[in-house]
Structures are given as structure tokens and as C-alpha cells.
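Notes follow the structure.
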Amino acid sequence: MALLKTQALKKHYGNGDTAVHALDGVNLEVESGEFVAIVGTSGSGKSTLLHMLGGLDRPTSGNVTIDGKDISTLKDEELTIFRRRKIGFVFQNYNLVPVLNVYENIVLPIELDGKEPDKTHIDKIVHTLGLDHKMNNLPNNLSGGQQQRVAIARALAAKPA
Ligand SMILES: Nc1ncnc2c1ncn2[C@@H]1O[C@H](COP(=O)(O)OP(=O)(O)OP(=O)(O)O)[C@@H](O)[C@H]1O
Ligand SMILES: [Mg+2]
């Protein structure tokens, strides 16, 4: 069974003449462990698709199934919990919390979920991403690439599906 599936997924912004059909019937299946790249020109709808797949925004119609669950059936609060446990999302603009240091940013979703971070797993991610010596820095004091890697570490920290 596909880990991730969309059926006739549509997302329209606005109404009438100015409406933007950012997604207009996307059918996609991704297996567990599969790597997929979504490629397209600026404004073609990549972030919109990822926001739908990540449960960050609701589609206009169609559905998204993750690990067997149609996420449109979840209420907002259930979706928030589902997202924290199942999905790792790297925002295009990173969305790091400026008043938290690198370590605190990485473990934030786990702590919001009331769980203990798996220290061995976090250490491994941090080491792989070359962030070992930056754990006490605030995001403002990092390079763009380092900020991007903190966002990646945060997305992987809770071992998403
Ligand atoms: N909140 C919004 N309200 C109205 N229109 C939007 C909104 N978000 C995106 N759009 C429009 O939807 C289309 C797709 O935008 P999207 O951000 O998905 O593109 P993208 O492929 O990620 O682009 P980029 O490569 O520049 O990041 C664009 O025409 C954009 O202007
Ligand atoms: Mg984008």
C-alpha cells in the first residue's frame, strides 16, 4: 500500500476572474522509502502541493491519504497531532523560532507532543548535518545553509513516517 496518496486533489485560491488553480486534479502515490522530486517553474504549485500533503492547509476538493488515513477526516486538533507524529516538513522559508536555540528548535515538535527526544537519534541527525558545534546558537547567528539544515533536522527528529 502507498504510504502517501492523493486523489483528484485540487486547490484553488480566490474566486472568479482572479482565481488561481494552483492544483487541478493531482493523483500521486508514493511508497514507503521512495524518493520523489517535484519539479516545476516558480509559481507552478509545488509548495501548494506540499502544504496539502503535509496537512498544513486544506484542499478545495479531493483527498490526501497518509499511512492509510484520509487526513480530510481529521479535525484541526487531530490533524496537528497527526502531523507532529507522522510528517516531517521543511518550509521553503524554514520557519525557525528566533528565540529558541538550534537544539530547542530541533526538539520543539517532540516536546510539544509531550515526548522525550531520542537523544541518540538527534545526535546522529545533528552530526550528519554538520550542526554539532552550533547547538547553542540562535537562528539569526547561522548562515542560510545552516538554517536550512536546522529545519531539516527538526523535520527528521520525530522519525516521521
Ligand atoms: N495563499 C495564496 N493565495 C493566493 N494565491 C496563492 C497563495 N499561495 C500561492 N498562491 C498562488 O498559487 C500559485 C502556486 O504557488 P506555489 O507557492 O505553490 O508555487 P511554487 O511552485 O512553490 O513556486 P516557487 O518555486 O516560487 O516556490 C502561484 O500562482 C501563487 O501566486
Ligand atoms: Mg514554493
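Values quoted throughout were computed directly from the atomic coordinates according to the rules given, and no laboratory measurement underlies them. Bear in mind the structure is a predicted one, so any value in this text is a computation, not a measurement. All Cβ positions, even for glycine, are placed from backbone atoms using ideal geometry, and neighbour counts span all protein chains on display.
Data overview
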| quantity | calculated |
| --- | --- |
| Rh (Kirkwood; distinct C-alpha pairs) - segment 68-145, Å | 14.2 Å |
| Segment 19-53 residues near the modelled residue 113 label - backbone nitrogen below 20 Å, point 7 Å along Cα→Cβ | 32-34, 51-53 |
| Rounded Å value of the spacing that divides the Cα centres of segment 1-64 and segment 71-102 | 17 Å |
| Estimated translational D of segment 102-156 in µm²/s (Stokes, Kirkwood radius over Cα pairs; 4 °C; 1.567 mPa s) | 116 µm²/s |
| When the convex hull of its Cα atoms is projected in every direction, mean area for the chain (nm²) | 10.8 nm² |
| Range in the chain, longest, excluding exposed GluC sites (Glu not before Pro) [loop by DSSP; at most 14 other beta-carbon atoms within 10 Å] | 35-161 |
| Low-density loop cleavage sites - trypsin sites (Lys or Arg not before Pro) in segment 69-161, where at most 12 other Cβ are within 10 Å (DSSP) | 75 |
| Reach of residue 119 by Cα under 20 Å, taken over lysines that are not fewer than 8 positions away in the same chain | 86, 134, 159 |
| Whether segment 4-74 is rounded, prolate or oblate, judged on the alpha carbon gyration tensor where a/c under 1.5 counts as rounded | oblate |
